Amino acid sequence: MDKTVLFWILFGILGFAFALAVQMRVVTALVLRRALGAWRDGFTDRETANQAVILAAGATPLADDLEPEMTEAVEHLQTTYASALGHLRTARRYSIVAPVLLLGLVAIGRTVLGVI
């Protein structure tokens, strides 16, 4: 009985962590895109602003053939919104790890505990 309760508590915590990480990713990226659009009119387009946020968050290294406006936008985001970019990186990490942990927990609950 106590193993079942522990399973569901862990399942709830991991599910909540995953939902929170996804929400943080969406909201932080949205705020950064809007801040970039307010900074320069050229970044009001969602795709352009999204590319700048992705580059600033460090998902991909900066290419040498990048447009000067994009390089300037990335540098602006990294200097002005360093904390928000850190939150975005953390949320990205947790939104990748949490589903894997959830699947592992479900597998353990199914095979070992017989819960699900």
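List of remarks:
- Residue within the range 3-26 that is in contact (Cβ under 8 Å) with a residue 12 or more places away in the chain, crowded, with 17+ Cβ neighbours inside 10 Å and of a type in the set (Val, Ile, Thr) present: no
- Unique residue being under 30 Å from residue 115 (Cα atoms) and in contact with a helix residue (DSSP H, G or I) (Cβ under 8 Å, 6 or more places away or on another chain) when the list is 15, 42: 15
- If you check 48, 28 for being of a type outside the set (A, V, I, L, M, F, W, C) and modelled with pLDDT under 95, only one passes: 48.
- In the range 71-116, residue nearest to residue 38 (Cα to Cα) [restricted to those that are open to solvent by 40 Å² or more (accessible area, probe 1.4 Å) and not in a helix (DSSP H, G or I)]: 81
- Listed by first and then second residue, the pairs with beta-carbon distance under 6 Å, at least 6 apart or on different chains, first residue in the range 94-105 and polar (S, T, N, Q), second assigned to a helix (DSSP H, G or I) and open to solvent by less than 100 Å² (accessible area, probe 1.4 Å), are 95/21; 95/22; 95/25.
The values are calculated or read from the model by the stated rules, or taken from the named source; none is laboratory data. Predicted model, so just to flag it, every value in this text is computed and none were measured. Methodologically, a virtual Cβ is constructed for each residue, glycine included, from the backbone with ideal geometry; neighbour enumeration extends over all protein chains shown. Protein only, heavy atoms only, side chains kept; ligands, DNA and RNA dropped before computing areas. Shrake-Rupley method; radii C 1.70, N 1.55, O 1.52, S 1.80 Å.
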